[in-house]
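The values are calculated or read from the model by the stated rules, or taken from the named source; none is laboratory data. Owing to the predicted nature of the structure, the values given are computational and were not obtained by experimental measurement. Here the Cβ positions follow ideal geometry from the backbone for every residue, glycine too, while neighbour counts run over all protein chains shown.
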Amino acid sequence: MITIDPDKIPVTTDDEALDRMAERVFYKSIDLLGGLRQLIEYRALTWLSSLARASFAIVLKEEYMKSEEEIARFTGLTSAAVKAILRADSEAAIKKIQQMESADENEKKSFRVHTAGGIAKLAYSFVKEGEDAATVIAYGHEMAQQVMLAAGCIQPWPYQVLKHTHGLHYPITSSKDLEKTLAPLRLEGIDGKDIARMLSYPIKSPAQLLHKIKKALSEAK
């Protein structure tokens, strides 16, 4: 879990919701950088601290409308650093990352705050669209399956859908990939392929997929 010194929290917020959103942005940022393995190859694990603080800064600004001064107190950054994060150019940050493979060791170790801000800002936009990091989605699938099994559910249709769609990339923009994935299933008497054709697209997350299938099955009765 990403942690911040509680003594620096300037105002009351929904701590759990703040942490969850900041962590989602943080993990998506790592995803955009090619994953932890890529950071190890760059010998750039020191970037993680900058990404964590930038993730909190972006979330505090976008979700909680906090001022630069409040964000600075919360994250322990200077006001100038916070300003650089919030004004960062995501496209410029991506170009910087794309050049990393040919960069020398000093450049790889140097991860400026505005670059972290640009990556976190882009990650936040993806998270808001339902495109979490692949590791987060995979973990969500696994936990959902474990919860249903622990509850004594014997292959209910949500479990079957989660099991068969594991690894599917979100957002799903058309029925084609989903038709193929759901083809082996028959949910409440309806073929999986037909269910896929009944849904509206795009589908941004596993939770939204289950919701739309439930609605389609209800309307088909």
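Tabulated values for the structure
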{"read-out": "Residue selected from the stretch 19-32 under the condition surrounded by fewer than 23 Cβ atoms within 10 Å (Cβ to Cβ) and closer than 12 Å to LEU122 by Cβ, by the criterion nearest to the chain's Cα centre (by Cα)", "value": "ASP31"}
{"read-out": "Subset of the stretch 80-96 [of a type in the set (A, V, I, L, M) and assigned to a loop (DSSP other than H, G, I, E, B)]", "value": "ALA88"}
{"read-out": "Within the stretch 79-99, considering residues that are out of contact with any helix residue (DSSP H, G or I) (no Cβ under 6 Å at 6 or more places or on another chain) and among the β-branched types (Val, Ile, Thr), the one surrounded by the fewest Cβ atoms within 10 Å (Cβ to Cβ)", "value": "ILE94"}
{"read-out": "Tally of residues being in contact with a Gly (Cβ under 9 Å, 6 or more places away or on another chain), assigned to a loop (DSSP other than H, G, I, E, B) and farther than 12 Å from THR165 by Cα across the stretch 179-221", "value": "2"}
{"read-out": "Qualifying residue in the stretch 165-178 (condition: at pLDDT 80 or above, touching a Leu at 6+ places or on another chain (Cβ under 6 Å) and either outside the structural domain of SER29 (by TED's automatic domain parsing) or not in a loop (DSSP other than H, G, I, E, B) (or both))", "value": "yes"}
{"read-out": "Test: residue in the stretch 10-21 that is under 19 Å from GLU91 (Cα atoms) and either at pLDDT 90 or above or in contact with a strand residue (DSSP E or B) (Cβ under 6 Å, 6 or more places away or on another chain) (or both)", "value": "no"}
{"read-out": "Residue in the stretch 130-143 that is at pLDDT 85 or above, of a type in the set (D, E, K, R) and surrounded by 13 or more Cβ atoms within 10 Å (Cβ to Cβ) present", "value": "no"}
